[in-house]
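First up is the structure itself, then whatever we jot down about it.
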Amino acid sequence: MKPRHLLATALAGLLAAAPPALGQALFWSTQAQPIEETQAMREMVLKGFAGGVDYQAADGGPWLTRLQAEVAAGRGTIAVLGGLHGDFASVADALADLSDVDVAGVNANMVALGRLGGAGQKYIPWMQATYLMAASREALAYLPEGADLEALSYDQLIAWARAMAEATGGPKFGLPAGPRGLKHRFFQGFLLPSYTGSMVTAFRSEEAEAAWEAMKELWRWTNPASTNYGFMQEQLLTGEVWLAFDHTARLADAFNQRPDDFVAFPAPAGPKGRAYMPVIAGVAMPVTAPDPAQSRALIAYMLAPETQIATLRATNFYPVVEVGLPADMPASVRASGPAIAAMTTAPDALPALLPMGLGALGGQFNQVYVDTFERIVLGGQPVRAVLDSQAEELRRILAEAGAPCWAPDAPSEGPCPVD
Amino acid sequence: MPRLLPYLLLLPATAFLVVFFLYPFLLVAIESVTRQGAWSLANYERMAGHWKFSAAFWNTLLLAGIVVPIQLALALTMASVVTGLKAGRATILYIFAIPLGISDLAAGLVWLAIFEQTGFLNSLLTGFGLVERPVLFLGYQNPWAILLAIVLAEVWRATAIMMVILVAGMGLIPREYGEAAEVFGASRWQRFLRVTLPLLRPSLQTALILRVILAFEVFAVVAALGGTQFPVLMGETYNWQFTLQDRGVAAALAMVILAISIAATLVLLRLLHVPKEART
């Protein structure tokens, strides 16, 4: 026998000897990564599923690599995938069609997002969240005169941050601008659309220039350690920061640990409205799922009202189906719920959806906004020149993906244009 | 059969290297020069055209250029001290080598805990009343402070690997040379320069090549202390692969790291060339 054959035989032997699936469904997810949340998913949310679930949370990179490897191999062990809209957008071909799952109780817009621009239902909405502002009680003393917490403007936010910085001797406003922070969502879904009414098309417009000038002004009164921040709840709790913007799930600990010390309120508004970005997480089934019937059962289980409430307790992500929330919900839910309602139903509310149809280019799309921020605000480069050069990059990405515009940009034939 | 035996014994290790190193390496090399299935240098163009690339490139070289000489000097000193010891040698060696047992991310986190705004250094400074409020050392405005922190962490973490190699090398130098030089009246310093260093060349070569290559691959320490504020080649590779999901450009960056590693190795081989007749 030639050595090569020997090797092949040995490898085949090894593969055949791999332990068989234990009957537990593997739930491979990018969500609920902090160990307490993972634990809560296992013990509170998934315990009731017959047959048992092995819930494993991973970073986006490893999550994607394993999925791609299983699909390339043509067989896999992942039963159900959990991830954000953006996680799924890059792997549409690896996802089985779930059109036959009953989604009657779910908001139709969210269900439509789950088709990823194609015909089949690629993922089923699982839970939702958004971003909010949070302030400690100390901060409220410096709220500019005449400003309404429920209807703040960016100018008032800047004045507020400035008042705190000048009164306390150090900036007390914080942004999650660290490597793991969600700063790009602030630029894409809040700041820019508030000033331009657009996320993509008006990227290098004069209004966008004004938005970045406002950002520079805000940054003067922002704690410079923000470039290390990931989850603003930490800095709120240590008192390093009194006023912050972040994902509801990343503010939750502050409310849960000291419910009386913090308030939640809507994101500020700009000249074009109060832009905000809803976040949608979904569950999907890879084409290589070992037991599709079991996977479908688990997906249906995730949509049951009791599961949705348990998920809210475990992850601070809100249900996607109509459920009556019990009175004993965590403090973070009680604080964020009204703020979310105030933001989404505000007269000037301007929803800016998560990027759609970008596929694997989603990361590069986000990077355009992060690079713009790093160059203009941190690097002090001229706004006009940076916007022009980053617009080139944005154009290339949208053309390569062939992605048409999404809200708040007007629908387009062909790739979304950057004027 | 005995003639073939050594080769048979080497076969598993060779097969392992071929399957798990050479083959993936070839795939990466091919990936770096293809785009959508066609041969192209587009990956390299995109890599070089990105506004962070030149910063990452020069930061990596700068870091290696600062860290390796410091480590060389420290490792030579430590190795000389350890070699000269009569008692307690093993204990000192163990203590020196402790940072080797820590992963580089953990090492980065240890130093982050010191330099953070809420870290030990700030507690100390405010405790002694030297500063009024905690200082932000690792902010984006102080790239030099970030560089300094990374250099400290790297020196602390990885000097021992050079020292271990140099201690072994010094142990191989016959005592007679040093004693002969002493008889002719050479001072300690002269003996070190004229006897120990030249005879240490082979070990120096190994230690330097190993350290320089590892310095080009620096990643976790930088990620922990500098985040995205101090771009290095390895960090950018990770970023292109996982955040930007462009494997082609990530592969191109990996090839750049390989190229400078090979270049540095060749330079070191030439500089510290050991003549054939001098090899023992």
Original post:
Residue check, A:ALA96 against (1) away from every other protein chain (no Cβ under 14 Å); (2) out of contact with any helix residue (DSSP H, G or I) (no Cβ under 8 Å at 6 or more places or on another chain), all met but one. Which one?
Top reply: (2)
Original post:
Could you count how many residues in the range A:377-400 are within 12 Å of chain B (Cβ to nearest Cβ), assigned to a helix (DSSP H, G or I) and out of contact with any Ser or Thr (no Cβ under 8 Å at 6 or more places or on another chain)?
Top reply: 8
Original post:
Quick one: in the range B:137-153, which of the residues that are within 14 Å of chain A (Cβ to nearest Cβ) and within 12 Å of B:GLY108 (Cα to Cα) is surrounded by the most Cβ atoms within 10 Å (Cβ to Cβ)?
Top reply: B:ALA149
**OP:** Name the residue, out of A:ALA300, A:ALA341, A:ALA327, A:ALA346, that is of a type in the set (A, V, I, L, M, F, W, C), over 22 Å from A:THR248 (Cβ atoms) and surrounded by fewer than 22 Cβ atoms within 10 Å (Cβ to Cβ).
**Re:** A:ALA300
Original post:
Is it the case that some residue within the range A:331-352 is within 14 Å of chain B (Cβ to nearest Cβ), more than 23 Å from A:SER194 (Cβ to Cβ) and assigned to a helix (DSSP H, G or I)?
Top reply: no
Subject >> Any chance B:GLY129 is surrounded by fewer than 18 Cβ atoms within 10 Å (Cβ to Cβ), more than 9 Å from every other protein chain (Cβ to nearest Cβ) and over 24 Å from the mean Cα position of the chain (by Cα) >> reply: yes
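So, of the residues in the range A:59-84 that are closer than 21 Å to A:ARG180 by Cβ and in contact with a strand residue (DSSP E or B) (Cβ under 6 Å, 6 or more places away or on another chain), which turns out to be farthest from the other protein chains (Cβ to nearest Cβ)?
Pass one, the range A:59-84, residues closer than 21 Å to A:ARG180 by Cβ: A:59-66, A:82-84.
Right, trim to in contact with a strand residue (DSSP E or B) (Cβ under 6 Å, 6 or more places away or on another chain) and you get A:82, A:84.
Values: A:GLY82: 18, A:LEU84: 14 Å.
Result: A:GLY82.
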Subject >> Lone unmet requirement of (1) of a type in the set (Gly, Ala, Ser); (2) surrounded by fewer than 21 Cβ atoms within 10 Å (Cβ to Cβ); (3) more than 14 Å from chain B (Cβ to nearest Cβ); (4) touching a Pro at 6+ places or on another chain (Cβ under 8 Å) for A:GLY282 >> reply: (2)
Original post:
Of the numbered conditions (1) closer than 27 Å to A:VAL53 by Cα; (2) touching a Phe, Trp or Tyr at 6+ places or on another chain (Cβ under 7 Å), A:ALA331 satisfies every one except a single condition; which is it?
Top reply: (1)
Original post:
Tell me, which residue of the range B:90-119 that is without any contact (Cβ under 8 Å) to a residue 40 or more places away in the chain and surrounded by 13 or more Cβ atoms within 10 Å (Cβ to Cβ) is farthest from the other protein chains (Cβ to nearest Cβ)?
Top reply: B:ILE92
Original post:
Of everything in the range A:157-171 that's in a loop (DSSP other than H, G, I, E, B) and in contact (Cβ under 8 Å) with a residue 40 or more places away in the chain, which residue is surrounded by the most Cβ atoms within 10 Å (Cβ to Cβ)?
Top reply: A:PRO171
Original post:
Which of the residues belonging to the range A:304-316 are under 20 Å from A:ALA254 (Cβ atoms) and either modelled with pLDDT of 90 or more or not in a loop (DSSP other than H, G, I, E, B) (or both)?
Top reply: A:LEU312, A:ARG313, A:ALA314, A:THR315
Subject >> From A:ALA249, A:ALA225, A:ALA139, A:ALA165, residue being of a type in the set (A, V, I, L, M) and under 19 Å from the mean Cα position of the chain (by Cα) >> reply: A:ALA249
**OP:** Mind listing whichever residues of the range A:49-70 are of a type in the set (D, E, K, R) and farther than 23 Å from A:GLN308 by Cβ?
**Re:** A:ASP59, A:ARG66, A:GLU70
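Among the helices (runs of 4 or more DSSP H) contained in the range A:81-156, which hold 2 or more residues that are not assigned by TED's automatic domain parsing to the domain that holds A:ALA300?
A:137-140
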Subject >> Of the criteria (1) assigned to a helix (DSSP H, G or I); (2) buried (at least 19 other Cβ atoms within 10 Å of the Cβ); (3) within 14 Å of chain A (Cβ to nearest Cβ), which one B:TYR238 fails >> reply: (2)
Subject >> Residue list for the range A:221-239, restricted to those being surrounded by 20 or more Cβ atoms within 10 Å (Cβ to Cβ) and within 22 Å of B:PRO143 (Cα to Cα) >> reply: A:TRP221, A:THR222, A:ASN223, A:ALA225, A:SER226, A:THR227, A:ASN228, A:TYR229
Original post:
Which of the following residues is of a type outside the set (A, V, I, L, M, F, W, C) and within 20 Å of the chain's Cα centre (by Cα): B:PRO134, B:PRO99, B:PRO143?
Top reply: B:PRO99
Subject >> Among (1) in contact with a Gly (Cβ under 9 Å, 6 or more places away or on another chain); (2) surrounded by fewer than 24 Cβ atoms within 10 Å (Cβ to Cβ); (3) away from chain B (no Cβ under 14 Å) - the single one A:LEU243 does not satisfy >> reply: (2)
Subject >> Residue among A:GLY61, A:GLY74, A:GLY52 that is surrounded by 14 or more Cβ atoms within 10 Å (Cβ to Cβ) and either assigned by TED's automatic domain parsing to the domain that holds A:GLY118 or closer than 19 Å to A:TYR123 by Cα (or both) >> reply: A:GLY61
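The values are calculated or read from the model by the stated rules, or taken from the named source; none is laboratory data. This structure is a prediction, so every number in the text was calculated from the model and none was measured. Using ideal geometry, Cβ is built from the backbone for each residue, glycine included, and neighbour counts are taken over all protein chains shown.
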